[in-house]
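Take a look at the structure below.
What follows draws every value from the coordinates through simple rules; no lab data is involved. Being a predicted model, the structure only gives us computed values, none of them experimental. Note that we place each Cβ from the backbone using ideal geometry, even for glycine, and neighbour counts take in every protein chain shown.
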2 protein chains.
Amino acid sequence: MRLKLTIAYDGRPYSGWQSQPGGNTIQDIIEQAIEAVTKQQVRIHSSGRTDTGVHANAQIAHFDAPNTVDMNPYNWVPALNTKLPATIRVMDCEQVADDFHARYSATGKTYHYELCMQPVMPPLQAGLAWHLPRQLDPATLEQALTHYIGTHCFKAFAANRGNETESTDYSRTITEAKLTTIDGGYRIIYSGNGFLYKMVRLLTGAAVQAAQGRLRLDDHLALLDQPDDLPYGKSPYCAPADGLTLFQVNYMT
Amino acid sequence: MRLKLTIAYDGRPYSGWQSQPGGNTIQDIIEQAIEAVTKQQVRIHSSGRTDTGVHANAQIAHFDAPNTVDMNPYNWVPALNTKLPATIRVMDCEQVADDFHARYSATGKTYHYELCMQPVMPPLQAGLAWHLPRQLDPATLEQALTHYIGTHCFKAFAANRGNETESTDYSRTITEAKLTTIDGGYRIIYSGNGFLYKMVRLLTGAAVQAAQGRLRLDDHLALLDQPDDLPYGKSPYCAPADGLTLFQVNYMT
């Protein structure tokens with residue numbers, strides 16, 4: 001039986017999603033919880049990695065429950081949560097078709113990025129927002145975000161992971177890059193068919209630079225859709241992980 | 001120069017406000033920050049203790065700045081914050097009259113208590129709300145809270161600190177005990193002229209018991225204003241520290 005998990009986490013205490021030899025990743029801890037329940041090693045597959053310090057409201061992962069475990073999907077929620085730390089929670093579990101894949105079946109994602117504009121960062125927001133006590137112009141921020149909407153080559157807004165090849169495709173379609181006002185700051189909402197490594201943080205960093213008057217909007221625009229030799233180079237403004245949350249992963253229904 | 005600090009903190013990593021030999025209290029850490037700035041040991045006085053795990057939106061404390069430090073009140077905010085962990089922040093600093101006292105000049109306090117009613121506790125709320133997956137009746141909760149309003153003997157809703165005497169005064173006036181709806185749960189707002197040790201948590205615990213149908217409202221009411229020999233005893237339902245925030249301390253202006 002293939003099961004789809006909806007997982008929320010506070011990214012602060014962890015070294016990101018992806019399993020690694022040193023442990024302390026969200027994937028490792030969930031796989032240990034599944035092993036504690038099933039007494040078997042089971043691999044889970046997520047919609048994609050999140051970096052150290054990045055949060056999730058609804059990360060999606062799937063795994064195949066061993067035949068030896070006869071438990072209905074709903075009961076997996078408390079079974080796993082009793083084995084997990086309070087900072088990682090399985091919010092939902094449902095049975096899906098055997099060809100469902102958390103990553104390859106996904107049609108898009110939504111991220112939230114939070115900016116705290118208060119002079120002093122409230123302690124309960126530490127690690128959950130980018131603190132920007134230096135004022136920025138929201139109209140310019142909004143305008144910069146508008147540039148991202150549509151299908152573009154985002155090579156200048158992608159960090160290298162080390163597995164890039166000449167045929168790596170940097171084209172992505174962003175359907176939403178919207179500024180909203182929240183208590184004490186702003187939230188930027190990004191939706192698109194896919195996001196490259198560190199892309200949301202690089203997009204946010206450049207837009208904030210523009211809104212602080214440190215980057216002209218013309219120069220900002222020039223970073224998008226550059227020819228292969230990247231005449232204007234890669235955007236060097238990476239926003240911190242603190243403000244970023246994987247909010248939702250979309251699938252065909 | 002006497003200075004009044006407005007302090008916010010995430011109570012989760014600390015052993016409460018009050019200084020103690022083992023350290024790791026909010027008072028200890030702030031006194032160390034003042035010492036780092038002034039090169040002198042300086043004692044601070046708060047509006048009152050908060051327990052381990054209890055948060056503050058605006059705790060108030062005062063101290064006398066040594067004459068050797070010539071710094072205007074506004075500059076104390078960044079000076080102290082650079083010495084403090086991100087989970088403790090000085091939000092404001094202002095000069096007050098030499099007879100101002102954070103505790104004795106206070107005329108009242110407001111506390112917030114948050115209840116999370118979602119089936120699974122979202123990880124970013126872990127330690128910030130009381131998780132009550134078992135349903136409760138909000139109308140009964142509201143009714144139970146109404147009993148607290150007014151001037152009552154709250155001896156049954158006070159934990160013993162060890163310094164109680166026969167003349168300890170358990171009379172307090174509660175001006176507000178209100179239920180509000182928040183995303184995924186409820187917030188209870190308490191305002192009053194003063195609160196006894198663990199009183200807000202004991203009031204909340206008993207009201208929630210009533211709202212869950214485990215305590216009859218008549219029995220709940222009997223706990224208030226008992227004669228000295230406490231025929232109905234002390235209320236044993238103490239809500240966890242997690243949901244509690246010292247929201248505001250009031251002073252004559």
Chain B - mean residue ellipticity at 222 nm from DSSP helices (-39,500 (n - 2.57) per run, n ≥ 4, rounded to 500): -6000 deg cm²/dmol
Summed over the other residues with a beta carbon less than 14 angstrom from that of B:Gln18, with K and R at +1 and D and E at -1, the charge totals +2
Please work out the C-alpha center-to-center distance from region B:123-202 to region B:3-56 and express it in whole Å. 24 Å
Pick out which of A:Val77, A:Val96, A:Val120 has the largest mean-square fluctuation in a Gaussian network model of chain A, springs linking Cα atoms closer than 10 Å. A:Val120
Only Cα pairs under 8 Å and at least 6 apart count here; give the relative contact order of chain A as a rounded whole percent. 24 percent
Top of B:Thr165, B:Thr25, B:Thr82 by mean-square fluctuation, Gaussian network on chain B, Cα under 10 Å: B:Thr165
Under the Kirkwood approximation for Rh and a Cα-based Rg, what ratio Rg/Rh is obtained for region B:201-243? 0.99
Can you tell me which of B:201-214, A:172-185 comes out highest on packing, and rank the rest after it, using the mean Cβ neighbours within 10 Å? B:201-214, A:172-185
Lys and Arg at +1, Asp and Glu at -1: add these up for the other residues within a Cβ distance under 10 Å of A:Asp51 and post the number. +3
How large is log10 I(q)/I(0) at q = 0.15, 0.16, 0.17 Å⁻¹ when the Debye formula is applied to the Cα atoms of chain B, each weighted equally and without solvent? -1.07, -1.18, -1.28
Label 7 Å beyond Cα on the Cβ vector: B:Gly150 copy-to-copy distances, nm: 6.9
Residue of chain B whose Cβ sits closest to the axis mapping B onto A, with distance in whole Å: B:Leu124, 5
With the convex hull built on the Cα atoms of region A:46-86, state its orientation-averaged projected area in nm². 4.0 nm²
Return the loop-located chymotrypsin sites (Phe, Trp or Tyr not before Pro) in region B:101-137 (DSSP other than H, G, I, E, B) with at most 16 other Cβ atoms within 10 Å of their own Cβ; answer none if there are none. B:Tyr104
Share of alpha-carbon pairs per 5 Å distance bin for region A:111-251, given as whole %: 2, 10, 20, 24, 20, 13, 7, 3, 1, 0
Per residue convex hull volume, Cα atoms of the protein assembly as shown, in Å³: 195 Å³
Label geometry 7 Å along the beta-carbon vector: B:Gly22 inter-copy distances in nm: 2.9
Which value, in Å to one decimal place, does the Kirkwood hydrodynamic radius take for region A:1-98 when every pair of different Cα atoms is included? 13.3 Å
Please report, for A:Ile189, the nm distances (one decimal) from its label point, 7 Å out from Cα along the beta-carbon direction, to the equivalent points in the remaining copies, shortest first. 2.7
Point-charge dipole on Cβ atoms (K/R +1, D/E -1) for the protein assembly as shown, about Cα centre, debye to 20: 300 debye
Charge tally in the Cβ shell below 14 Å around B:Arg214, where Lys, Arg are +1 and Asp, Glu are -1, B:Arg214 excluded: -1
Over the C-alpha atoms of region A:119-169, what are the Rg and the largest Cα-to-Cα span, Dmax, in Å? 16.8, 46
Which of the residue pairs B:Lys83/B:Lys198; A:Lys198/A:Lys234; A:Lys109/A:Lys178 have a Cα-Cα distance greater than 23 Å in the structure shown? B:Lys83/B:Lys198
What area, in nm² and to one decimal, does the C-alpha convex hull of region B:90-135 cast on average over all directions? 5.5 nm²
